[in-house]
Structures are given as structure tokens and as C-alpha cells.
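> Sharing a structure here in C-alpha cells format.
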Amino acid sequence: MALNDKNKPVMVTGGSGYVASWLIKMLLEADFTVHITVRDKQNKGKIEHLLDIAQQSPGTLKVFSADLLNPGSFDDAINGCAVVFHTASPFVISGIKDPQKELVEPALQGTVNLLSAANNCETVQRVVLTSSVAAVMGDNAEINQAPDGCFNEQCWNESSNLEHQPYYYSKALAEKKAWEMVKLQDRWDLVVMNPGFVMGPSLTKRNDSASISTMVSMADGTYKSGLPCLFNGMVDVRDVAQAHFTAGFKEDASGRHILVSESVTLLVMAKMLKAHFDSVNGRSYAFPTREVPKWLLWAIAPFVGQTRKFVKLNFNIKIQYDNSRSRSELGLEYRPVETTVVEHLQQIIDDGLV
Ligand code: NAP
């Protein structure tokens, strides 16, 4: 049976999320019946935008409640589906008190629960897992050991743990578990997406994804005394959704895919925003204009919720990712970072978040 058979529903976990919302929009516009899971389907505020999109699209939306931590939670939603997109996982990088409970358990247990549901559902042929570059590398300093000075799909994050980069740790554990579980059966296959830092306009006014809160803090004065010199591999949320869509239905898709357009510093992003919004908008925003020296960040780290180890291994270290596999295998054409950040801030302004 062809993967893109529109008589079979497709499933998206974490349907209310920033990345998932764009994927669901594409699926509905392509006339699929989409089963989405959210933690609480009675919370209409989180899915209003999807109900609106569904009304204007040929496809059909069906909403189910499921929690990553509850075994059996995905069994109803997965019923009859051929393709499953597993995006749900907490994306939180600051203010974590209990990383085991807040990050590792939902990421890892959620993957086990979802893939167990796939094992029990005879219609499932493909699972597309939203992993991250966080499963590829742990700290920017690892670029020194990367092949040809560039992170690629052969690289694995072996350095993160509960105390150091716990979000990265949760993503690496979850992806490893998925590769273990796919080998134990032969009905469904696994295609993995490894996006960098996702930016670009959101379909909702929510700001709890770290992607959205980071963009808000670029304009609201949070960094007015300066930014750390931190390189991030950036990618547009619409390109990430397109990559998932292609990975779901391309018969010969396989393996991992780094999804990164370009690696830039936060200051480069701030300069792109300043150049655009200073000249076209009467209002002024507190865009950062300089970087804080690494020695100062190292000195103050323990007082601002950072570790000196994190500062040492990440700031002022240039990184690069090899995105050639996503371009050749998924046909992805990346939007420039400038388009991504400018259109993202415009959406945040239009939605009154800053
Ligand atoms: P997001 O908007 O916060 O979405 C995360 C989703 O996970 C939410 O829909 C949330 O559902 C769901 N979730 C969290 N804990 C859950 C639980 N216990 N049970 C069920 N659902 C739960 O974040 P995002 O940026 O779209 O991230 C989506 C995926 O992309 C994640 O796997 C993330 O690790 C990955 N990723 C993101 C980035 C990025 O820069 N944004 C980069 C690389 C990879 P609720 O609505 O119920 O809260």
C-alpha cells in the first residue's frame, strides 16, 4: 500500500505545538485525514488555529487526548494510520528544576509508548520522529572532532547528561531508543528529522516553545546589555514541516536528516532584525547591539543559572552542519535565515507578543 494513500489517516503527536501546527496545515491542505494528539483536547485555546485551518482545507482533523507518560495513551489515535509523525516532546531549555521528570521521562517514555502503539497497530508502515541536532552533538566545542569540521548524520551526542545539557540528553536518549525499537520488528520503518534551532512565524500566539520565547527576548530588551557569542544552526519552521511531510510519504526515505539552513550567532540575527525593523517600523525595539565577553559570562555564570562548563564549551565557538542529505534525499530548499527571523518577528509583533 502506498504511503500517501489518502484513504488512510495519518497521525501527528503534540499537535498543538509550534512545529506540528505547520505540518498539520500542510497535511490538511493536501487532503489527508489527520489524527492529532494533544494532552487535553478540551483545551480549545491550544487548537483553535488548527480547527480554523481544517475548516478552510479539504482534509479532515480529528483530535485525541494523549499524554507521553501514559502507556496506551496513543492507541486510539493511531488506529488505522499508515504514517505517524511523532513531534511531541518537551522543548524547554531554561528554568528546569528536575530534568529527569521534566525532560527525560516524557521524551524517552513518550517514544517508547508511541512506538509500542505502532507495534500494536497493523496499519502503521512509517514513523517519522522529530529528533534534533541535540542528538547529533552536545556542545559546540565538539566541532573539533567532527568529520571535516562539520557535524553530519554520523555524529552522535555522547556528552550530555542530567546535569549538563539535559534537553540535549533527552533528545539523544529518545532517538537512540527509537533506532533500537525499529530493529525489533519489520512492519514499520523509521525516518528521523534532526532540526537545528527552529524559527519563523508561528501559527499560534503561544510563546511556550523556546523558539518563540527566544525571538520575543530579542526584541523586548532582555539582552539590552549584550548577547553571548553563541552560534546556532538555524532552520525555518516551514522548511522543517516540509521536510517532515516529504519524509512521511517518500517511499525510499530512510535514516537521519540534519535540518539546518545556516549557522549564525545571536548577534547576527539581532542585526538582521534591527536593519529591517528600524527602517520599516515607526516603533523602536530594544535589539541587542553587542556581545558580552566570554570571560565575563564565565565569571557570572553561576549567578545567572548557567554553568561555567556550558560557557567554556559553547560560547565563541563557531559550528557548521552538513545539510546535504536533507537537500538530496528530501529535496529541501532552505529559506535564508534573514527571511526566517524577519517574518518571525513580524508575526510576533502582529500578534501583540512584544
Ligand atoms: P512546542 O511548541 O513546545 O511543542 C511541543 C509539544 O510537545 C507540545 O505540543 C506539547 O503538548 C507536547 N508535549 C510536551 N509534553 C507532553 C506530554 N507529557 N504529553 C504529551 N504531549 C506533550 O515545541 P516545538 O518547538 O514545536 O517542538 C516540537 C518538537 O521539535 C520537539 O520534539 C522538539 O524537541 C523538536 N525540536 C524543536 C526545535 C526547536 O527549535 N523548536 C529544534 C529541534 C527539535 P501540549 O500542547 O499538551 O503542551
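> For F32, which of the numbered conditions (1) within 22 Å of the chain's Cα centre (by Cα); (2) among the hydrophobic types (A, V, I, L, M, F, W, C); (3) crowded, with 22+ Cβ neighbours inside 10 Å fails to hold?
For F32, the failing item is (1).
> With the checklist (1) within 27 Å of Q165 (Cβ to Cβ); (2) more than 14 Å from the ligand (Cβ to nearest atom); (3) β-branched (V, I, T) in hand, flag the one item T123 doesn't pass.
Here T123 meets the rest and fails (1).
> Sticking with this one: I need a count of the residues in the stretch 1-20 that are in contact (Cβ under 8 Å) with a residue 60 or more places away in the chain and more than 9 Å from the ligand (Cβ to nearest atom).
The total comes to 10.
> Which residues, taken from the stretch 105-139, are assigned to a helix (DSSP H, G or I), within 21 Å of the chain's Cα centre (by Cα) and surrounded by fewer than 20 Cβ atoms within 10 Å (Cβ to Cβ)?
Passing the criteria: E105, P106, Q109, V112.
> Yes or no: the stretch 30-42 includes at least one residue that is aromatic (F, W, Y) and within 10 Å of the ligand (Cβ to nearest atom).
Looking through the stretch 30-42, none of the residues is aromatic (F, W, Y) and within 10 Å of the ligand (Cβ to nearest atom).
> I'd like the full set of residues that are away from the ligand (no atom under 16 Å from the Cβ) and crowded, with 16+ Cβ neighbours inside 10 Å, limited to the stretch 142-163. Before you say what the answer is, go through the steps one by one.
Step one: filter the stretch 142-163 for residues away from the ligand (no atom under 16 Å from the Cβ), giving 142-150, 152, 154, 158-159, 161-163.
Result: E142, I143, A146, C150, N152, S159.
> Sticking with this one: Looking only at the stretch 236-257, count how many residues are among the hydrophobic types (A, V, I, L, M, F, W, C) and under 12 Å from Y334 (Cα atoms).
Total meeting the criteria: 4.
> What number goes with the only condition from (1) free of Cβ contacts under 8 Å to residues at least 40 places away in the same chain; (2) open to solvent by 20 Å² or more (accessible area, probe 1.4 Å) that V38 does not pass?
Just one mismatch for V38, condition (2).
> Pick from the stretch 80-97 the residues that are surrounded by 17 or more Cβ atoms within 10 Å (Cβ to Cβ) and more than 26 Å from H164 (Cβ to Cβ): which of them is farthest from the ligand (Cβ to nearest atom)?
Filtering the stretch 80-97 for residues that are surrounded by 17 or more Cβ atoms within 10 Å (Cβ to Cβ) and more than 26 Å from H164 (Cβ to Cβ), the one farthest from the ligand (Cβ to nearest atom) comes out as A82.
> Could you tell me whether any residue of the stretch 307-322 is open to solvent by less than 30 Å² (accessible area, probe 1.4 Å), assigned to a helix (DSSP H, G or I) and either within 20 Å of I143 (Cβ to Cβ) or touching a helix residue (DSSP H, G or I) at 6+ places or on another chain (Cβ under 6 Å) (or both)?
yes
> Residues that are of a type in the set (A, V, I, L, M), open to solvent by less than 50 Å² (accessible area, probe 1.4 Å) and within 16 Å of the ligand (Cβ to nearest atom): find the strands (runs of 3 or more DSSP E) completely inside the stretch 176-281 holding 3 or more of those.
It comes to 189-195.
> Still on this structure, I have one more. Out of L69, L23, L103, L51, I need the residue that is away from the ligand (no atom under 12 Å from the Cβ) and either at pLDDT 95 or above or of a type in the set (A, V, I, L, M) (or both). Which one?
Values: L69 fails: away from the ligand (no atom under 12 Å from the Cβ); L23 fails: away from the ligand (no atom under 12 Å from the Cβ); L103 fails: away from the ligand (no atom under 12 Å from the Cβ).
Being away from the ligand (no atom under 12 Å from the Cβ) and either at pLDDT 95 or above or of a type in the set (A, V, I, L, M) (or both) holds for just one of L69, L23, L103, L51, which is L51.
> Against the definition (surrounded by fewer than 20 Cβ atoms within 10 Å (Cβ to Cβ) and in contact with an Asp or Glu (Cβ under 8 Å, 6 or more places away or on another chain)), how does F303 come out, yes or no?
no
> Let me ask something additional. Just to confirm my filter: which helices (runs of 4 or more DSSP H) fall fully inside the stretch 1-100 and include at least 2 residues that are of a type outside the set (F, W, Y) and under 23 Å from R238 (Cβ atoms)?
18-29, 48-55
> Further question: Being polar (S, T, N, Q) and closer than 19 Å to D208 by Cβ is true for just one of T60, T33, T87. Which residue is that?
T87
> Do we have any residue at all in the stretch 336-352 that's surrounded by fewer than 18 Cβ atoms within 10 Å (Cβ to Cβ), touching a Lys or Arg at 6+ places or on another chain (Cβ under 8 Å) and within 27 Å of V83 (Cβ to Cβ)?
no
> Which one of these is among the aromatic types (F, W, Y), at pLDDT 95 or above and out of contact with any Phe, Trp or Tyr (no Cβ under 7 Å at 6 or more places or on another chain): F303, F231?
After ruling out the rest, the residue left standing is F231.
> Here's something else I'd like to know. Determine the pairs where a residue that is free of Cβ contacts under 8 Å to residues at least 40 places away in the same chain, located within the stretch 139-160, has a partner that is of a type in the set (V, I, T) with Cβ atoms under 8 Å apart, the partner being 6 or more residues away or on another chain.
From the stretch 139-160, the pairs are C155/V136; W156/V136; N157/V136.
> If E142 passes every condition in (1) closer than 21 Å to F245 by Cα; (2) part of a helix (DSSP H, G or I) but one, which one does it miss?
With respect to (1) closer than 21 Å to F245 by Cα; (2) part of a helix (DSSP H, G or I), E142 is out only on (1).
The values are calculated or read from the model by the stated rules, or taken from the named source; none is laboratory data. On a predicted model such as this, the values are computed, not experimentally measured, just so you know. Don't worry about glycine lacking a Cβ; one is built from the backbone with ideal geometry, like all the others, and counts go over all protein chains shown. All accessible areas refer to the heavy atoms of the entire protein, side chains included, with ligands and DNA or RNA removed. Shrake-Rupley method; radii C 1.70, N 1.55, O 1.52, S 1.80 Å.
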